[in-house]
Amino acid sequence: MSLVATPITIARYLRKLGADTRALAYLELDQSLHVIASGGNLEILGTTTINSNKSITSQVDILVGLIPTGTAPVIIANAQMVKDRFFDLHLFKELERQWVLLLDSTESARNLQADQQVRLNNALLLEQEQKSEKK
């Protein structure tokens with residue numbers, strides 16, 4: 001998604017974060033949490049269609065209990081709804097609108113998983129060595 005096609009609110013938020021334009025999708029919601037506008041790859045949320053006549057929380061399970069947010073933004077790193085795709089979920093308000101922004105974190109999440117696996121493997125080897133030394 002280019003910054004040109006991105007709503008000004010999202011572009012401003014990304015600039016404030018110093019983030020790049022790796023946005024996968026965004027939702028702009030009214031006070032009753034109905035979608036006013038959306039863009040990007042909504043499949044990352046596990047859906048391809050959004051019904052603007054229904055609350056988004058009845059359509060996207062991950063948002064239940066998270067929105068509406070208070071005055072401070074909420075950020076959940078490395079969320080996953082679709083196999084092998086990770087995203088950072090940003091929830092924030094501007095004026096009377098609730099915004100949901102998903103930024104692609106697939107590469108960094110995979111790297112983190114690989115690093116964690118190496119540490120676990122090393123810990124397991126160390127434990128096995130210590131057990132064999134006690135014998």
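Each value in this text was obtained by applying a stated rule to the coordinates, not by laboratory testing. What you see is a predicted model, and the numbers here were worked out from it, not measured in a lab. Cβ coordinates were reconstructed from backbone atoms using ideal geometry, including for glycine residues, and neighbour counts include every protein chain displayed.
For residue 16, give me every one of the lysines with a C-alpha distance below 17 angstrom, ignoring sequence neighbours fewer than eight places off in its own chain.
93
Round to the nearest 10 and give me the degree value, 0 to 90, for the angle of helix 8-17's Cα axis relative to the longest principal axis of the chain.
Taking Cα atoms only, the helix is inclined about 30 degrees.
For segment 35-120, which GluC sites (Glu not before Pro) pass both filters: DSSP loop (anything but H, G, I, E, B) and at most 13 other C-beta atoms within 10 Å?
Values: sites: 43, 94, 96, 107; in loops: 96.
Here the GluC sites (Glu not before Pro) that fit, given the DSSP loop and packing criteria, are 96.
For the chain, what relative contact order do you get, as a whole percent, if you take Cα pairs closer than 8 Å and at least 6 residues apart?
Numbers: 190 pairs, mean separation 27.7, N = 135.
Worked out over the chain, it gives 21 percent.
Take residue 120 and residue 36, extend 7 Å from each Cα along the Cα→Cβ direction, and tell me the distance between the two endpoints in nm.
If labels sit at residue 120 and residue 36, their model points lie 4.3 nm apart.
Let me see the pair-distance distribution of segment 8-104: every alpha carbon pair, 10 Å bin width, integer percents in order.
16, 56, 28, 1
By the gyration tensor of its Cα atoms, with a ≥ b ≥ c the square roots of the eigenvalues, what is the shape of segment 71-135: rounded for a/c under 1.5, prolate for a/b over b/c, or oblate?
Working: a/c = 5.80, a/b = 3.14, b/c = 1.84.
In terms of gyration-tensor shape, prolate.
About its Cα centre, how strong a charge dipole does segment 8-104 have in debye, to the nearest 20, once Lys and Arg get +1 and Asp and Glu get -1 at the Cβ? Present the calculation step by step, with values, prior to reporting the outcome.
Details: 9 positive and 10 negative charges, 30 e Å.
In debye, rounded to 20, segment 8-104 gives about 140.
Give me the angle, in degrees from 0 to 90, between the Cα long axis of helix 106-134 and the longest principal axis of the Cα atoms of the chain, rounded to the nearest 10.
Approximately 20 degrees, to the nearest ten.
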